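Below you'll find the structure, written out as structure tokens, and then a few comments.
The values are calculated or read from the model by the stated rules, or taken from the named source; none is laboratory data. Nothing here was measured: the structure is a model prediction, and the numbers come from that model. Virtual Cβ from ideal backbone geometry, glycine too; neighbours counted across all protein chains shown.
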Amino acid sequence: VREKRLALPPSEITML
Amino acid sequence: STLVRVAKTASTLGIAIEGGANTRQPLPRIVTIQRGGSAHNCGKLKVGQVILEINGISMRGREHRDAARLIAEAFKTKERDYVDFLVTELNVSL
């Protein structure tokens with residue numbers, strides 16, 4: 001599961 | 001999980017979020033709390049908390065921009081003078 005997750009792109013950050 | 005009611009005491013909500021569906025962080029997580037914003041004034045939201053629901057609407061399966069837009073609209077709407085955050089300290093993975 002960890003490897004699958006790490007294969008995903010990092011997320012952007014939004015200021016609200 | 002904890003329900004946190006953030007009153008709209010400032011012109012901005014004052015949090016930065018990271019994460020959303022199809023990213024390493026599957027649910028939006030609070031990465032910054034800006035001094036002087038409504039979230040900072042409330043004092044109950046913490047950096048690192050994962051947002052499960054906003055005003056009862058689930059964040060599960062939502063892309064980052066969709067989740068960010070939902071939170072922004074919940075803060076902008078005049079219908080309520082607060083925003084309800086359902087948050088958890090655990091890093092919820094799907």
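Here's the yes/no breakdown for (1) more than 19 Å from residue B:12 (Cα to Cα); (2) without any contact (Cβ under 8 Å) to a residue 12 or more places away in the chain; (3) of a type outside the set (S, T, N, Q):
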| position | (1), (2), (3) |
| --- | --- |
| B:42 | no, no, yes |
| B:56 | yes, no, yes |
| B:60 | yes, no, yes |
| B:79 | no, yes, yes |
| B:82 | no, no, yes |
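Is there a residue being part of a loop (DSSP other than H, G, I, E, B) and of a type outside the set (Lys, Arg) anywhere in the range B:64-71? No, the range B:64-71 contains no residue that is part of a loop (DSSP other than H, G, I, E, B) and of a type outside the set (Lys, Arg).
On the stretch given as the range B:81-92, residues that are among the charged types (D, E, K, R) and modelled with pLDDT of 95 or more total 2.
Per-residue answers, yes or no, for (1) surrounded by 14 or more Cβ atoms within 10 Å (Cβ to Cβ); (2) hydroxyl-bearing (Ser, Thr, Tyr); (3) within 16 Å of residue A:15 (Cβ to Cβ):
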position: B:8; (1), (2), (3): yes, no, no
position: B:11; (1), (2), (3): no, yes, yes
position: B:15; (1), (2), (3): yes, no, yes
position: B:29; (1), (2), (3): yes, no, yes
position: B:34; (1), (2), (3): yes, no, yes
position: B:52; (1), (2), (3): yes, no, no
position: B:56; (1), (2), (3): no, no, no
position: B:62; (1), (2), (3): yes, no, no
position: B:80; (1), (2), (3): no, no, no
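Among the residues making up the range B:28-40, those that are in a loop (DSSP other than H, G, I, E, B), within 12 Å of another protein chain (Cβ to nearest Cβ) and without any contact (Cβ under 8 Å) to a residue 40 or more places away in the chain are B:34, B:37.
Among the residues of the range B:11-27, none qualifies, meaning not one is touching a strand residue (DSSP E or B) at 6+ places or on another chain (Cβ under 8 Å), more than 12 Å from every other protein chain (Cβ to nearest Cβ) and part of a loop (DSSP other than H, G, I, E, B). Taking the range B:44-54 as the range and being away from every other protein chain (no Cβ under 13 Å) and either free of Cβ contacts under 8 Å to residues at least 12 places away in the same chain or farther than 19 Å from residue B:76 by Cα (or both) as the test, the residues that pass are B:44, B:46, B:48, B:49, B:52. Scanning the range B:36-47 for residues that are under 13 Å from the mean Cα position of the chain (by Cα) and surrounded by fewer than 17 Cβ atoms within 10 Å (Cβ to Cβ) turns up B:44, B:46, B:47.
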